[in-house]
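The block underneath contains the structure these notes are about, expressed in structure tokens.
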Amino acid sequence: MSSYLVTATVARSATESSGPALLVASVAVLGSATTASYIVASLTASAAVAGPIVGAAIDRAHRPRAGFTAAFAILGLGLLVIALTLAHVPIAVTMVLAVIAGLGYPALTGAWSAQLPALVPRTSLTRAYGLDAATYSVAAVVAPPAATALVAIAPTAPLWLTLILLAAGVISLRRVPFRPKVRTRASGSMRTDLAAGLGAMFGRPALRRSTLITTIGFAGQAAIFVAAPVLALDTGNGLGFTGVILGVFAGGGLATAAWFARRPVQRPDRGIILSTVVSGAALVAVGLAPTAPLLLAAAFVMGASEPPLVSAMFQVRVRESPEHVQAQVFTTAASLRMTAFALATAACGWLLHLSLAWVIGFGLALHVASLIVGLALGPVLPHRRHWLRRT
């Protein structure tokens, strides 16, 4: 487990820093935030679209280590070439390189978590997923600020940290005790496996509910990221206060990640619902906070809702998805979340022209919609008198 967590933390630090690092480096070199956003969008869009295929490929791989090594290499080499050629080749070429680099992204996030059932005893799986969720919070707090700060050294220096982390991940990967997979059924085509993975995601009621709530609800979190600069200015603390707001948001996630790593979520289906409720309520508090301290407190609570949701989400995926398509379910669900977040970010950016209230309201609406749709299309919940006493 320790070797898994070390590699997970390094890999997620690399993926968490890749987008901000690419954005800052592109702005520094090209001088255009718009062009830089196109390059980053190429990276994230590729990662979102490639998720189901990458997951299916890893599910089918006899030796998973080779697949993850390839993912590290694809992401690392793609970013390295971008760092060396930025501003020396047409922007279209840079965007193509970003698309290629993004193909390695899904394996280091969702597909990596899908390997846990083969590495730890089933009795330890709940705690293992709590620790796994904590790696996301650690990576989100540490890696992006560290990477972007390097722009003071050189325009493309933000990408250096991501490249170092990816190289360290390849080294750390050698210590993870993967076991060769034994196929328990006749191997079908890639198309068959893709259909099986998607069928499991939306054909099993509990997994369908989890996927819908976490995808739509996660999109609602885009509101705080788009609103943060405006909120920073409204408090009179200047644009630099944006980093404080988002840092406190990430700090809330880190705090509860440590808590739930020791005390795992025991009722994951209900944990997903309750975490989404807390996130939506905190988002409203962020928008209504009259002072900077109250704004930071609300951001902390909103960030704190993420680790228990992620831990519970992982547990439901493992419990409900067939073993031969688990990696695909993880990567496809992660891709859906990324796509929904990207679309919601664009929508929030457009709504910001109307007012901040529209952005916050849109984020809250997505939280509420995720619960309505998820509960309507999921299995029947237990009676309210059993809500806290029975699994």
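The values are calculated or read from the model by the stated rules, or taken from the named source; none is laboratory data. These figures come from a predicted structure and were not determined experimentally. Reconstructed Cβ throughout: ideal geometry from the backbone, glycine too, with neighbour counts over all protein chains shown.
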Complete set of residues in segment 125-162 that are in contact with a Leu (Cβ under 7 Å, 6 or more places away or on another chain), closer than 19 Å to residue 245 by Cβ and not hydrophobic (A, V, I, L, M, F, W, C): 137
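Looking at this structure, is residue 171 more than 24 Å from residue 1 (Cβ to Cβ) and assigned by TED's automatic domain parsing to the domain that holds residue 79?
The answer is no for residue 171.
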How do the pairs read when you match residues in segment 86-103 that are hydrophobic (A, V, I, L, M, F, W, C) with residues anywhere that are outside any helix (DSSP H, G or I), using Cβ under 9 Å and keeping only pairs 6 or more apart or on different chains? 86/155; 86/156; 87/155; 97/89
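Filter the helices (runs of 4 or more DSSP H) completely within segment 58-176 down to those with at least 2 residues that are at pLDDT 85 or above and in contact with a Gly (Cβ under 9 Å, 6 or more places away or on another chain).
In segment 58-176, 64-85, 91-102, 158-173 are the helices (runs of 4 or more DSSP H) which contain 2 or more residues that are at pLDDT 85 or above and in contact with a Gly (Cβ under 9 Å, 6 or more places away or on another chain).
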For residue 280, indicate whether it is in contact with a His (Cβ under 6 Å, 6 or more places away or on another chain), touching a residue at least 24 places away in the same chain (Cβ under 8 Å), of a type outside the set (Asp, Glu) and in the same structural domain as residue 245 (by TED's automatic domain parsing). yes
Search result, residues across segment 284-327 that are among the polar types (S, T, N, Q) and out of contact with any Pro (no Cβ under 6 Å at 6 or more places or on another chain): 291, 305, 311, 321, 326
Right, residue 350: over 21 Å from residue 277 (Cβ atoms), among the hydrophobic types (A, V, I, L, M, F, W, C) and modelled with pLDDT of 90 or more or not? no
Candidate set from segment 314-329 (those that are within 16 Å of the chain's Cα centre (by Cα) and modelled with pLDDT under 75); member that is surrounded by the fewest Cβ atoms within 10 Å (Cβ to Cβ): 327
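Within segment 332-345, identify whether any single residue is modelled with pLDDT of 85 or more, buried (at least 18 other Cβ atoms within 10 Å of the Cβ) and within 16 Å of residue 210 (Cα to Cα), and answer yes or no.
no
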With respect to residue 269, determine if the residue is among the acidic types (Asp, Glu) and either under 30 Å from residue 318 (Cα atoms) or within 16 Å of the chain's Cα centre (by Cα) (or both). yes
Is it the case, given these coordinates, that residue 374 is over 25 Å from residue 228 (Cα atoms), at pLDDT 85 or above, surrounded by 21 or more Cβ atoms within 10 Å (Cβ to Cβ) and not charged (D, E, K, R)? yes
